[in-house]
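**Q** Okay, here's the structure, questions in a sec.
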Amino acid sequence: MPIKSYLAHPHKGKKNELMEALSVLEQCEVIPSHNEELLILITETDTTTEEEILKEKLDALESLKLLALVSGFNTQKN
Amino acid sequence: MYTSLTDRRKFIKKMAMLSAMTAAATMFPGILFADEQEEGLPSGDIKWTKAPCRFCGVGCGILVGTEKGKAVAVKGDPKSSVNKGLLCVKGYHQTMCLQAKDRLTHALVKKNGAYVKTPIGEALDLVASKMKETIAKHGKDAVAMYTSGQSTIPEGYVASKLMKGAIGTNNLDCNARLCMASAVTGFLTTFGADEPMGCYEDIDHADVFVLWGNNMAEMHPVLFSRMLEQKNRRGAKIIDFATRTTRTSMAADKSILFKPQSDLAVANAICYEIIKNGWVNTSFVEKHCNFNKGLTNMGYGLEDNYKFKDKPEKINFEAYKEFLKDYTPEKVEKISGVSVKDIKYMAAYFGDPNKKIVSYWCMGMNQHTRGTWMNNLVYNIHLLTGKISQPGNGPFSLTGQPSACGTAREVGTFTHKLPKGVVMNEKHRRLAAKIWKVPYERIPSKPTYHATEMFRAIDRGEIKFIWTQVTNPLVSLPKTSRYRPGMEKDSCFVVVSDVFPTPTSDVADVILPASWHIEKSGLYGNSERRTQHWDKMVEGPGETTPDAWMTIEVAKRMGFGDLFPYTEENHVEEIYNEYRQFHQGAKHGMAPLEVLKSQSGAIWPFVDGKSTQWRFNAKYDPACSNEEDFHFYGKPDGRAVIWQRPYEPAPEEPDSEYPFWLNTGRVVEHWHTGSMTRRIPVLHKAMPRAYVELHPKDAKRLKIKTGDKVKLTTRRGEIIMPASVNQRGIPTPMQVFVPFFDENMLINDLTLDSFCPISKEPDYKKCAVRVEKV
């Protein structure tokens, strides 16, 4: 049950658009910075396969400039 | 203990989020995640209680979430005008240090070279008997206490009462001597009254911020964030004037680098330009200022028992103008490396009557062998232009510690201080004697040891007993290579109160287990004169005890019980109410405890139920009584002083043997000596060890790259540490920077124990060092 955190850098002026795009993805939790063009993204998926699919969806987001992995955990599903 | 998988996953998600926040904080100066602090925190039956943050002098309001007797979360207090709900990475994680496995939970007494777990009562018996025995054998000046700008107001107050009022010695000093003593002497010499005249609301009004050797992005991130907001919203300008390129420089509109120590010359050059260009606010200066000069070539305090007393002498404006002729921008460019253009650029902002301007500084100006002078010089600039004591206009000295103002400066835990005034003043001694109910003659009229001299006196064998509270001097003092062996000597009995083991507790004869922040009630006073109260929220482990209560227990055991009639349950309230008597009146009235309990603090002078945000301005300050717009009532004639202070070189400058400057300081992830933050996993992981920063050109010449081992050698010692090139900060060429938080790499073994002769604050920013690749 992978849990990962990322720093999500939007393209210039696209912070809100990226925020909206990420918010609709079920496995994503987004925390926007109050004062910088940056979002924290927490992903929680059931399997590594599901995680790979999610990663592909993320990479396809046009408002996303860069996604930098910060930490990754794997824990049991409850 | 059973932990459900749901809880575990929530915890892991929280850890993942905190890791990302920490990473973000290392990349973006002052980044904040306010929304997250309101949402996404653990839900359930959580009780939120207000407090000031445990760490820096900004004094952010926090809300601590407790559940089943444990602290489970921290968020910024949206009702606090200091931080408006925002927090920095340290503030957000603070309670996590409570989970550290090596917490000091019981008293430890050294017996035959080993620490033995001892009941707290027995340990306090030993401390009291050792103190009494030492006084009987060697006199009252053979015992000392060394406390902290992190001590609460009641803790500082009972320490002062015990030493000065009960025992009758001025052997009390604190670690705030190491961080803001120059700010105090700066304020006193210029205004006759300590602490900034303005408040944080200045940020919302200023057009320009000048940061004097002050990396606010890392050291005061929430205030820096508020400044960045004004930059983005209103186009306010930030000028970073420093000896090192930092995250602050990167976020500023203008970064101006100067050679170490030459800030004195640049400040004088700005004054020269202000006068030359006719930018002096003549009516303000004529009505509200005097001109003085003092002694020069004061020395640097390097010798034991060094003494200095300034001799102020009045001068006139013409003499001051003549003095400044040595500081034309052209001459100062040669001393400082700052271009004529940049000097004129800064001067023009100060000189523009349509620009509101605030100066901020902290350790860069205070930890300076001419720290008092440097503080005076920045005041000169603001006084000459009349840009002071108004919303958005003023000089503002930031403090490092959460109660350096509230406890060290206001309660007065320095050798020369009393809760009101100084020991040298008979009227002040009489007031203290009256409130403390002790004979007036008992309070000595002469100061004894300031911090550096106190530890020298231990090394010399003069002090036979010392009790340190809430501080870690064997990491934070300069030249610890002398003071560690000094404290290890059998001639001095060492008592250390702390929450965690430290290199200082390693040399203790008795270790007392102190309660942490939210395990006790208390009060702190922040940089903007704001006093804040908090209630105890959780029980501490084992026999941990508040420092104030341990002092009271020792006082009782020494036979001073009648002077310490406080109850264990309500001693914080009882002590504060007693302490408030010292500051009654319009100039320093403190808010009643009921007020402090009901809101996120109040700014003194608290008069007729209101905080005073701008002192010395008749529009805001009810203590002004001269019928003018401004009244600097700290001085008998109501006038502030513009000081003639020259540039003088540092005591130890680079030479052929030690060709680099060594500068030391802090990082955003760690609080001072790291005893708390290095026990917070996410912060420790983000910044696990110290390093030495080099300028890329120096690194290339020495064939050093990031991670390489580098040997630093000064006349005090040597150390090997990893290099950092083009990473977080970039020192000027031929300068290196090392943070001091890492007890495994004690950079202060190498620093010089020179200090400002007026403030006695050491200079951690300048000494000569050799740099070699290992």
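**Q** May I ask you to list the residues in region B:506-515 that are surrounded by fewer than 22 Cβ atoms within 10 Å (Cβ to Cβ) and not aliphatic (A, V, I, L, M)? Working first, answer last.
**A** Taking region B:506-515 first, the residues surrounded by fewer than 22 Cβ atoms within 10 Å (Cβ to Cβ) are B:506-507, B:509.
B:D506, B:D509, listed by residue number.
**Q** Within region B:395-430, work out how many residues are farther than 17 Å from B:V58 by Cβ, buried (at least 22 other Cβ atoms within 10 Å of the Cβ) and small (G, A, S).
**A** 1
**Q** Yes or no: region B:433-453 includes at least one residue that is closer than 29 Å to B:S359 by Cβ, buried (at least 22 other Cβ atoms within 10 Å of the Cβ) and hydroxyl-bearing (S, T, Y).
**A** Looking through region B:433-453, at least one residue is closer than 29 Å to B:S359 by Cβ, buried (at least 22 other Cβ atoms within 10 Å of the Cβ) and hydroxyl-bearing (S, T, Y).
**Q** I would also like to ask the following. For region A:11-42, how many residues meet the condition of being closer than 17 Å to B:M17 by Cβ, among the charged types (D, E, K, R) and more than 10 Å from chain B (Cβ to nearest Cβ)? Working first, answer last.
**A** Going residue by residue through region A:11-42, those that are closer than 17 Å to B:M17 by Cβ are A:19, A:22-23, A:25, A:27-34, A:36, A:38-42.
After this cut, where a residue has to be among the charged types (D, E, K, R) as well, the list is A:29, A:36.
From what's left, more than 10 Å from chain B (Cβ to nearest Cβ): none.
Looking only at that region, the number is 0.
**Q** How many residues are crowded, with 24+ Cβ neighbours inside 10 Å and part of a helix (DSSP H, G or I) if we restrict to region B:137-155?
**A** Count: 3.
**Q** Just to check your reading of the model, which residue among B:E488, B:E528, B:E578 is among the charged types (D, E, K, R), more than 21 Å from B:T134 (Cβ to Cβ) and surrounded by fewer than 22 Cβ atoms within 10 Å (Cβ to Cβ)? Spell out the reasoning first.
**A** Numbers: B:E488 fails: more than 21 Å from B:T134 (Cβ to Cβ); B:E528 fails: surrounded by fewer than 22 Cβ atoms within 10 Å (Cβ to Cβ).
Residue meeting the stated conditions: B:E578.
**Q** Which ones in region B:311-322 are buried (at least 17 other Cβ atoms within 10 Å of the Cβ) and either closer than 19 Å to B:I758 by Cβ or touching a Ser or Thr at 6+ places or on another chain (Cβ under 7 Å) (or both)?
**A** Once the filter is applied, which keeps residues that are buried (at least 17 other Cβ atoms within 10 Å of the Cβ) and either closer than 19 Å to B:I758 by Cβ or touching a Ser or Thr at 6+ places or on another chain (Cβ under 7 Å) (or both), region B:311-322 yields only B:I315.
**Q** Among B:R639, B:R679, which is the only one that is surrounded by 19 or more Cβ atoms within 10 Å (Cβ to Cβ), of a type in the set (D, E, K, R) and more than 29 Å from B:D263 (Cα to Cα)?
**A** Working: B:R639 fails: more than 29 Å from B:D263 (Cα to Cα).
Every option except B:R679 fails the conditions.
**Q** Related question: For region A:13-47, which positions are in a loop (DSSP other than H, G, I, E, B) and either of a type in the set (A, V, I, L, M, F, W, C) or closer than 18 Å to A:D59 by Cβ (or both)?
**A** At the first step, the residues of region A:13-47 found to be in a loop (DSSP other than H, G, I, E, B) are A:13-14, A:24-27, A:33-38, A:45-47.
If the condition is that a residue be in a loop (DSSP other than H, G, I, E, B) and either of a type in the set (A, V, I, L, M, F, W, C) or closer than 18 Å to A:D59 by Cβ (or both), then A:K14, A:V24, A:L25, A:E26, A:Q27, A:L38, A:T45 are the ones that fit.
**Q** Now a separate question. Show me the helices (runs of 4 or more DSSP H) found entirely inside region B:290-385 where at least 3 residues are over 30 Å from B:R234 (Cβ atoms).
**A** Numbers: elements: B:317-323, B:329-336, B:340-351, B:363-366, B:371-384.
Of the helices (runs of 4 or more DSSP H) lying wholly inside region B:290-385, those with at least 3 residues that are over 30 Å from B:R234 (Cβ atoms) span B:317-323, B:329-336, B:371-384.
**Q** Would you call B:D655 acidic (D, E) and farther than 26 Å from B:R484 by Cα?
**A** Working: acidic (D, E): yes; farther than 26 Å from B:R484 by Cα: yes.
When the stated conditions are applied, B:D655 passes them.
**Q** For the structure I just gave you, tell me whether A:A8 is more than 7 Å from every other protein chain (Cβ to nearest Cβ), assigned to a strand (DSSP E or B) and either closer than 14 Å to B:K13 by Cβ or out of contact with any Lys or Arg (no Cβ under 7 Å at 6 or more places or on another chain) (or both). Break it down into steps so the answer makes sense when it comes.
**A** Numbers: more than 7 Å from every other protein chain (Cβ to nearest Cβ): yes; assigned to a strand (DSSP E or B): yes; either closer than 14 Å to B:K13 by Cβ or out of contact with any Lys or Arg (no Cβ under 7 Å at 6 or more places or on another chain) (or both): yes.
For A:A8, the condition - more than 7 Å from every other protein chain (Cβ to nearest Cβ), assigned to a strand (DSSP E or B) and either closer than 14 Å to B:K13 by Cβ or out of contact with any Lys or Arg (no Cβ under 7 Å at 6 or more places or on another chain) (or both) - is met.
**Q** Same structure again: Could you check how many residues of region B:399-439 are touching a residue at least 40 places away in the same chain (Cβ under 8 Å), assigned to a loop (DSSP other than H, G, I, E, B) and on the phi < 0 side of the Ramachandran plot?
**A** Going through region B:399-439 one residue at a time, the tally reaches 14.
**Q** Could you please find all residues in region B:228-261 being among the basic types (K, R) and over 21 Å from B:D207 (Cβ atoms)?
**A** Of region B:228-261, the ones among the basic types (K, R) are B:231, B:233-234, B:237, B:244, B:247, B:254, B:259.
Of everything in region B:228-261, those that are among the basic types (K, R) and over 21 Å from B:D207 (Cβ atoms) turn out to be B:R244, B:R247, B:K259.
**Q** Next up: How many of the residues making up region B:492-515 are in a loop (DSSP other than H, G, I, E, B) and either touching a helix residue (DSSP H, G or I) at 6+ places or on another chain (Cβ under 6 Å) or hydroxyl-bearing (S, T, Y) (or both)?
**A** Pass one, region B:492-515, residues in a loop (DSSP other than H, G, I, E, B): B:492, B:499-504, B:508-509, B:515.
Going one step further and asking which of them are either touching a helix residue (DSSP H, G or I) at 6+ places or on another chain (Cβ under 6 Å) or hydroxyl-bearing (S, T, Y) (or both), we end up with B:492, B:502-504, B:515.
Count: 5.
**Q** Would you confirm whether or not region B:156-170 contains a residue that is surrounded by 23 or more Cβ atoms within 10 Å (Cβ to Cβ), touching a Cys at 6+ places or on another chain (Cβ under 9 Å), modelled with pLDDT of 95 or more and assigned by TED's automatic domain parsing to the domain that holds B:G561?
**A** Within region B:156-170, one or more residues are surrounded by 23 or more Cβ atoms within 10 Å (Cβ to Cβ), touching a Cys at 6+ places or on another chain (Cβ under 9 Å), modelled with pLDDT of 95 or more and assigned by TED's automatic domain parsing to the domain that holds B:G561.
**Q** Would you tally the residues in region B:31-62 being modelled with pLDDT of 70 or more and more than 7 Å from every other protein chain (Cβ to nearest Cβ)?
**A** 18
**Q** Considering B:F308, B:F284, B:F258, which residue is in contact with a Pro (Cβ under 6 Å, 6 or more places away or on another chain), among the aromatic types (F, W, Y) and away from chain A (no Cβ under 14 Å)? Please lay out each step first, then the result.
**A** On the way: B:F284 fails: in contact with a Pro (Cβ under 6 Å, 6 or more places away or on another chain); B:F258 fails: in contact with a Pro (Cβ under 6 Å, 6 or more places away or on another chain).
Selected residue: B:F308, the only one of B:F308, B:F284, B:F258 that is in contact with a Pro (Cβ under 6 Å, 6 or more places away or on another chain), among the aromatic types (F, W, Y) and away from chain A (no Cβ under 14 Å).
**Q** Let me ask something else about it. Please go through region B:282-313 and pick out each residue that is more than 27 Å from B:Q367 (Cα to Cα), of a type in the set (K, R) and within 33 Å of the chain's Cα centre (by Cα).
**A** Within region B:282-313, none qualify.
**Q** Which of the numbered conditions does B:D753 fail, given that it passes all the others? Conditions: (1) charged (D, E, K, R); (2) surrounded by fewer than 22 Cβ atoms within 10 Å (Cβ to Cβ); (3) assigned to a loop (DSSP other than H, G, I, E, B).
**A** Among (1) charged (D, E, K, R); (2) surrounded by fewer than 22 Cβ atoms within 10 Å (Cβ to Cβ); (3) assigned to a loop (DSSP other than H, G, I, E, B), B:D753 violates only (2).
**Q** Six or more apart or on different chains, Cβ atoms under 9 Å: show the pairs whose first residue is in region A:42-69 and of a type in the set (D, E, K, R) and whose second is surrounded by fewer than 15 Cβ atoms within 10 Å (Cβ to Cβ) and not in a helix (DSSP H, G or I).
**A** A:D46/A:K77; A:K65/A:K12
**Q** Filter region B:219-249 for residues that are surrounded by 22 or more Cβ atoms within 10 Å (Cβ to Cβ) and of a type in the set (G, A, S); which is nearest to the other protein chains (Cβ to nearest Cβ)?
**A** B:S225
Matching residues to (1) in contact with a Phe, Trp or Tyr (Cβ under 6 Å, 6 or more places away or on another chain); (2) in contact (Cβ under 8 Å) with a residue 40 or more places away in the chain; (3) more than 17 Å from B:T673 (Cβ to Cβ); (4) among the polar types (S, T, N, Q):
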site: B:K709; (1), (2), (3), (4): no, yes, yes, no
site: B:I747; (1), (2), (3), (4): yes, yes, no, no
site: B:C756; (1), (2), (3), (4): no, yes, yes, no
site: B:S759; (1), (2), (3), (4): no, yes, yes, yes
site: B:C767; (1), (2), (3), (4): no, yes, yes, no
site: B:R770; (1), (2), (3), (4): yes, yes, yes, no
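**Q** Looking at region A:54-68, can you tell me whether even one residue there is within 19 Å of B:S19 (Cα to Cα) and either away from every other protein chain (no Cβ under 12 Å) or at pLDDT below 85 (or both)?
**A** Kept after step one, since they are within 19 Å of B:S19 (Cα to Cα), are these residues of region A:54-68: A:66-68.
Filter once more, so that each one left must be either away from every other protein chain (no Cβ under 12 Å) or at pLDDT below 85 (or both): A:68.
Yes, region A:54-68 contains at least one residue that is within 19 Å of B:S19 (Cα to Cα) and either away from every other protein chain (no Cβ under 12 Å) or at pLDDT below 85 (or both).
The values are calculated or read from the model by the stated rules, or taken from the named source; none is laboratory data. Since the structure is predicted, the reported quantities are computational estimates derived from the model, not experimental observations. Every residue, glycine among them, receives a Cβ derived from its backbone with ideal geometry; neighbour counts consider all protein chains shown.
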